[in-house]
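Have a look at the structure below, then the notes.
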Amino acid sequence: MRIYNLFPLLAGPFKDWKTHLVGAAEMGFNWIFVNPIQKLGSSGSLYSIADYFAINPAFCSIGKESAEDQVRAMIADAEKLGLGMMIDLVINHCAYDSELLNKHPEWFVKDNGRIAHPSCMHDGQKVVWNDLAQLDHHHSSDAEGLYLYCRDIVGYLLDLGFKGFRCDAAYQIPPGFWRRLIGDAKKIQPDAVFVAETLGCSPEQTRQTAQAGFDAVFNSSKWWDFDSPWLMEQYHLTRDVAPSISFAESHDTPRLYPEQHGNLDAVKRSYLFSALFSAGVMMPMGFEFGFAKPLHVVNTQPADWEQTDVDITAFIREVNLIKSHYRVFQEESITEIWNASNPNVLVMWKASVHDSSQALIILNKDVWNRQYFHIDNLHHYLQHAPALVDVSPLWPMEFLPAPFEYELLPGMARILVTGPRVADVK
């Protein structure tokens, strides 16, 4: 899954989305993920949904077409471009001013007799979302009624044409609930895809959530320093349960370009690693143009679209093409970090569990300086492999000498593969 996150508040009305869909398809993405598009509560947050069965009027145009038909038309445009449509499934909470609180108070967590707000600990401080009401999937006296309501939400979204669901804070809902919901959804739409958002929980919690039938989970590779062992430990713990999806930036994180002080080499390195490390990759709109304004679930608007002198769409297209051509980059492959003579160079070996393809990613961790890499024979890193081919997005080498030496530019990677190319798989 190569996922482009089209952020609704930045994209504006559905009628204006086609340009973004075309751009995503041209960059080699095959899925579009959109944050919630349903009717909101008074806080205006995309994640504060008041009515799950109504479309946010901010995205609709006045005319003869109903809001639902406008969504269907937008999805039809996406599908013509070969793009699957994925939407946020937010069923762990709803807007505090939703009618659900009056109609079904038994569906909510109580705190001293009042319906509770969800909260979390951040840097030792308790953060409370006062605009949200916490749904009680663990102890509700009407668990069946709550389940059937959530199943109807999924059915409504499937009827609109969505075939993928990013399940917000999936680990907060019991695995048995997910197992049943995913099973029921796939009776309606057998190729429906469910992806668990599990950031912030332990690897074991991630594993338990993934085992509930999810098609993929999100991983934490964005925060890796290219040295610490924790990423590979997490990867090996969940690799055999469900594929994972990496991202260099998301709608919840600061923009990477300003975070990296305008260093495009760092931005490119982060996307390349995210795309080739695990089975899936996700990228939010604006990343390709070096946007600086963070995406905000309340305040972002189409006027925040930035005019920049950055354009790495061609680079992203090349990386996505590599991913689409080799099975080893489309799965949770066997992956190891090998020692390099230069500690500033990462050498990652990957081997497909489905075919004979292997890959070496030789990456300059240093995004400010060139780094020298040398090895007597590249095949020392491989297992019974035929000739390697350089498929790097920048200046691929037609011949790989032995000994092999290369001066890597800042953040640069050499991508070497062996084995057959495969047809692009959605």
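Couple of notes before you dig in:
- Packing, as the average of other Cβ atoms within 10 Å across residues, places the peptides 28-41, 293-306 in the order 28-41, 293-306, highest first.
- With all pairs of different C-alpha atoms in the average, the Kirkwood value for the hydrodynamic radius of the chain is 22.8 Å.
- Take each peptide in 8-15, 130-137, count the other Cβ atoms within 10 Å of every residue, and average; sorted highest first, the result is 130-137, 8-15.
- Among the listed pairs K110/K293; K268/K293; K80/K222; K80/K293, those beyond 29 Å (Cα-Cα): K110/K293; K80/K222; K80/K293
- Take every DSSP beta bridge whose two residues both sit in the chain; close to 60 percent of them are antiparallel.
- The mean sequence separation of alpha-carbon pairs under 8 Å and at least six residues apart, normalised by the residue count of the stretch 6-150, gives a relative contact order of 22 percent.
- Positive minus negative residues near S341 (Lys, Arg vs Asp, Glu; Cβ under 12 Å): -2
- Proximal charge balance of V90 [Cβ under 11 Å; K/R count +1, D/E count -1]: -2
- When peptides 151-157, 81-87 are sorted by average Cβ neighbour count within 10 Å, with the highest value leading, the order is 81-87, 151-157.
- The value of relative contact order for the stretch 250-294, using C-alpha pairs under 8 Å at least six residues apart, is 60 percent.
- The stretch 93-136 - Kirkwood radius from inverse mean 1/r over Cα pairs (Å): 10.7 Å
- Within-11-Å neighbourhood charge of D159 [Cβ basis; K, R +1; D, E -1]: -1
- For the stretch 304-362: rounded, prolate or oblate by the Cα gyration tensor [a/c cutoff 1.5]: oblate
- Normalised contact order of the stretch 1-57, rounded percent, pairs of Cα under 8 Å and 6 or more residues apart: 33 percent
- CD proxy at 222 nm, helix term only [per DSSP H run n ≥ 4: -39500 (n - 2.57); per residue of the chain; nearest 500]: -7500 deg cm²/dmol
We did not get these values from a lab; they are worked out from the coordinates using the rules stated. Worth saying up front: this structure is predicted, and the values here are computed from it rather than measured. All Cβ positions, even for glycine, are placed from backbone atoms using ideal geometry, and neighbour counts span all protein chains on display.
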